[in-house]
């Protein structure tokens with residue numbers, strides 16, 4: 001092959017690779033834009049915390065299991081009374097109350113499991129805005145390090161992409177949620 005022709009072939013191959021990268025970037029940006037638009041309308045289905053689920057019409061409703069509802073309400077009631085997540089855990093242990101969890105993986109995926117409540121369980125309930133009937137998208141930012149490790153960072157409320165108060169039924173009011181946050 002002539003040297004001039006060799007450079008032309010390499011240039012065209014390089015151009016094809018660059019075009020593919022540009023096309024992938026545009027497609028990724030369009031997909032992310034579509035997800036963000038759907039979230040801003042409150043139409044994006046998110047993973048819901050225990051005690052909330054989707055109805056057949058895709059509306060967010062309280063879990064139909066009354067024991068689950070009672071357990072979630074007891075967490076909020078006890079925290080309002082004591083003002084402490086540790087005291088809430090102690091109350092559950094002293095009363096021999098179990099706390100529900102949904103199994104996320106494996107052959108029993110989606111099933112309900114009951115076990116002792118942990119401190120982090122109480123903190124998750126207190127800081128989860130869905131329990132106050134709010135639809136929230138973009139509370140965290142996920143990045144990857146050079147080593148491939150995933151890092152999730154909580155964002156301040158002013159940086160959340162979407163916050164729709166009273167979007168669905170909840171266990172507590174927005175004012176109670178803000179008191180818990182404080």
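Read-outs throughout are calculated quantities, based only on the coordinates presented, and are distinct from any laboratory measurement. None of the values given here were measured: they were computed from a predicted structure. Don't worry about glycine lacking a Cβ; one is built from the backbone with ideal geometry, like all the others, and counts go over all protein chains shown.
The table that follows gives values for the structure above.
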quantity: Which numbered condition residue 171 fails, given (1) surrounded by 17 or more Cβ atoms within 10 Å (Cβ to Cβ); (2) in a helix (DSSP H, G or I); (3) in contact (Cβ under 8 Å) with a residue 60 or more places away in the chain; calculated: (2)
quantity: Subset tally (residues that are in contact (Cβ under 8 Å) with a residue 12 or more places away in the chain and surrounded by 13 or more Cβ atoms within 10 Å (Cβ to Cβ)) for the range 81-113; calculated: 12
quantity: Complete set of residues in the range 84-117 that are within 22 Å of residue 53 (Cβ to Cβ), outside any strand (DSSP E or B) and touching a strand residue (DSSP E or B) at 6+ places or on another chain (Cβ under 8 Å); calculated: 98, 103, 110, 111, 117
quantity: Residue that is farthest from residue 134 (Cα to Cα) [pool: residues in the range 20-68 that are in contact (Cβ under 8 Å) with a residue 24 or more places away in the chain and in a helix (DSSP H, G or I)]; calculated: 67
